[in-house]
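Working notes for the structure below.
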Amino acid sequence: MFSWMGKEDSRKNQDVYDSVSQGLQNIYKQKLLPIEKEYNFHDFHSPALDDPDFDARPMVMLVGQYSTGKTTFIRYLLEQDFPGIRIGPEPTTDRFIAVMHADQEGVIPGNALVVDPKKQFRPLSKFGNAFLNRFQCSQTSSAVLKGISIVDTPGILSGEKQRTDRGYDFIGVLEWFAERVDRILLLFDAHKLDISDEFKRSIEALRGHDDKIRIVLNKADMVDHQQLMRVYGALMWSLGKVLGTPEVARVYIGSFWDQPLRYDINRRLFEAEEQDLFADLQSLPRNAALRKLNDLIKRARLAKVHAYIIAALRKDMPSMFGKESKKKDLIKNLDALYGQIQREHQISPGDFPDLKKMQESLVHQDFTKFKAIDKRLLDKVDKMLAEDIAKLMAMIPMEEKVKLSEGSDRIEGGAFDGVMDKATPFMFKGGEGVDAGRGEVEWVIAKDQGKYDQIFDSLSPVDGKVTGAAAKGEMVRSKLPNNVLGKIWKLADIDKDGMLDSEEFALAMHLMNIKLDGHDLPTELPPHLIPPSKRGF
Ligand code: MG
Ligand code: CA
């Protein structure tokens, strides 16, 4: 119904999206970057943002122990291989692989990736050669990858194996990605749920990004119903401990590959979960602009606090003698300084950088080169937070409006077509409820007509019809609420004469059963539910 509107809308969204990114890029360079540079923000917290940080497609990172099906999950989403794909029971993915769209297939090695100004990976060079040899971009042509990029990660080892040294700061790399991606899918294997120390440390590294984490309890078809319940409980319990938050991230239970299900008793659950997970991923392109906006706000608040800290440290340094011992003193008493800045500028403690990390970074800094407070730079940031951000926020279309559009802000292709598609009987809840009998020549209710006629006759019809008063008693016995029954009555009285004939009555009974089976009622009667004698009304 809204298809013409949808097209129009999605084009608009595309414009908005582009200009929100562009707008963020501009205000960052003009209003935030200067204060970051003035107070060496990049040495302490994170490097300066490049253009690709604003333009890049939303990224999804997969993290899990080896053989939890990370790489298989990607192949399942894309419904195709990507260059350099390796799948097997042993740890097969020994590297970080950014799977991205390009018309030409190919692999770009890590060393080349970190000097490519068009990609967002330049800061990764700090993790050194041992890492760069274990990092690559696999490019392939895929509709799904036009909507999102996906990061495959090395399988995390368990038991004895986890002692093999990777030769680079694995957790550090994970943290780097966690800060930049839009979703983190944590994969667990339902029939091998052990959480190794390295995995625990990895999950801990993701703390602070809880809002991005979704849990996938994969291979859930490998265990029977009872085992699955037990595994689910155990998983929730361990996650609660490791993540250290009272509410644990959403867990999606399923079997994300294209092989037959071993135990298919939970097939329906898996399908429902898959729908939810895909809908969640589907929201990423839309939410990317909002996420970038949020990240920039967080960054701006940190940059302000950072400026206060650095300026205060400089102010307390002696001009002549005892510089080194004063520096040591200041680092040691940093928490007192935090308290003082909190009170003076009414900043919440949550906006302050981690105390320990800050102390460690300060050791290597020359305090005498720190700059004094520059009110002009701070005003710029405040103005950005108060005015520019609000303007950009208003440009992001409201969720409700976006829902109408079915255009380029959606992920298409691969498994997204099969799972979200409404056109086959194998879609979620396909061929059920209102859709039962869709496309068949015979009236779907005809086979139950005899049964419904018996009830109909017991209501003493006059001239082959029952009145509302006569039908009411029978319909109320369903215990369905009156508003639902009213809707059913309206749908069933096709000729709108205020009474139901035997066919209309059968239709009303059929609609009641649809509702009682837990399906939704249609807003309009689909053709296959209309008795042949009344088609054309
Ligand atoms: Mg793998
Ligand atoms: Ca009627």
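Quick one: in region 207-221, which of the residues that are farther than 12 Å from I253 by Cα and surrounded by 14 or more Cβ atoms within 10 Å (Cβ to Cβ) is farthest from the chain's Cα centre (by Cα)? Filtering region 207-221 for residues that are farther than 12 Å from I253 by Cα and surrounded by 14 or more Cβ atoms within 10 Å (Cβ to Cβ), the one farthest from the chain's Cα centre (by Cα) comes out as R207.
In the set (1) in contact (Cβ under 8 Å) with a residue 60 or more places away in the chain; (2) polar (S, T, N, Q); (3) loosely packed, with under 11 Cβ neighbours inside 10 Å, the condition left unmet by S319 is number (1). Checked against the criterion of being in contact with a Ser or Thr (Cβ under 6 Å, 6 or more places away or on another chain) and loosely packed, with under 15 Cβ neighbours inside 10 Å, the candidates R57, R86 yield just one match: R86.
One line per residue, one yes/no per condition, for (1) surrounded by 11 or more Cβ atoms within 10 Å (Cβ to Cβ); (2) farther than 17 Å from L521 by Cα; (3) within 16 Å of ligand 1 (Cβ to nearest atom):
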position	(1), (2), (3)
W443	yes, yes, no
K447	no, yes, no
D457	yes, yes, no
V466	yes, yes, no
G473	no, yes, no
V484	yes, no, no
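The condition (being within 11 Å of ligand 2 (Cβ to nearest atom) and not acidic (D, E)) is satisfied by just one residue among S458, S502, S533: S502.
Remark: pairs (first residue in region 351-371, closer than 19 Å to K315 by Cβ; second residue charged (D, E, K, R) and part of a helix (DSSP H, G or I); Cβ separation under 6 Å; 6+ apart in sequence or on different chains) = F367/K327; F370/R314; K371/E38.
If you filter region 135-154 down to residues that are at pLDDT 90 or above and surrounded by fewer than 20 Cβ atoms within 10 Å (Cβ to Cβ), you find that the one that is farthest from Y76 (Cα to Cα) is S141.
Yes/no per residue for (1) modelled with pLDDT under 90; (2) touching an Asp or Glu at 6+ places or on another chain (Cβ under 9 Å):
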position: L206; (1), (2): yes, yes
position: Q227; (1), (2): no, no
position: A234; (1), (2): no, no
position: W237; (1), (2): yes, no
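Regarding A112, is this residue away from ligand 1 (no atom under 14 Å from the Cβ), over 19 Å from G414 (Cα atoms) and either in the same structural domain as L145 (by TED's automatic domain parsing) or more than 24 Å from the chain's Cα centre (by Cα) (or both)? It is true that A112 is away from ligand 1 (no atom under 14 Å from the Cβ), over 19 Å from G414 (Cα atoms) and either in the same structural domain as L145 (by TED's automatic domain parsing) or more than 24 Å from the chain's Cα centre (by Cα) (or both). Looking across region 233-265, just one residue is outside any loop (DSSP other than H, G, I, E, B), surrounded by 17 or more Cβ atoms within 10 Å (Cβ to Cβ) and of a type in the set (F, W, Y), and that is Y252. For region 96-138, a tally of residues being in a loop (DSSP other than H, G, I, E, B) and touching a helix residue (DSSP H, G or I) at 6+ places or on another chain (Cβ under 8 Å) returns 10. Pairs linking a residue in region 484-501 that is under 16 Å from I530 (Cβ atoms) to a residue that is surrounded by fewer than 16 Cβ atoms within 10 Å (Cβ to Cβ) and aromatic (F, W, Y), with Cβ atoms under 8 Å and 6 or more positions apart or on different chains, are I494/F537; D495/F537. Go through region 380-403 and give me each residue that's surrounded by fewer than 17 Cβ atoms within 10 Å (Cβ to Cβ) and either outside the structural domain of K29 (by TED's automatic domain parsing) or modelled with pLDDT under 75 (or both). Once the filter is applied, which keeps residues that are surrounded by fewer than 17 Cβ atoms within 10 Å (Cβ to Cβ) and either outside the structural domain of K29 (by TED's automatic domain parsing) or modelled with pLDDT under 75 (or both), region 380-403 yields M398, E399, E400, K401, K403. Annotation note: of A307, A311, A272, the sole residue that is more than 30 Å from S149 (Cβ to Cβ), surrounded by fewer than 20 Cβ atoms within 10 Å (Cβ to Cβ) and in contact (Cβ under 8 Å) with a residue 60 or more places away in the chain is A311.
Selection within region 337-355: residues that are surrounded by fewer than 10 Cβ atoms within 10 Å (Cβ to Cβ) and assigned to a helix (DSSP H, G or I). The member of this set that is modelled with the highest pLDDT is R343.
Residue check: is R201 modelled with pLDDT under 95, part of a helix (DSSP H, G or I) and over 17 Å from the mean Cα position of the chain (by Cα)? In short, yes.
The values are calculated or read from the model by the stated rules, or taken from the named source; none is laboratory data. These figures come from a predicted structure and were not determined experimentally. Cβ sites come from the backbone with ideal geometry, for glycine too, and all protein chains shown count toward neighbours.
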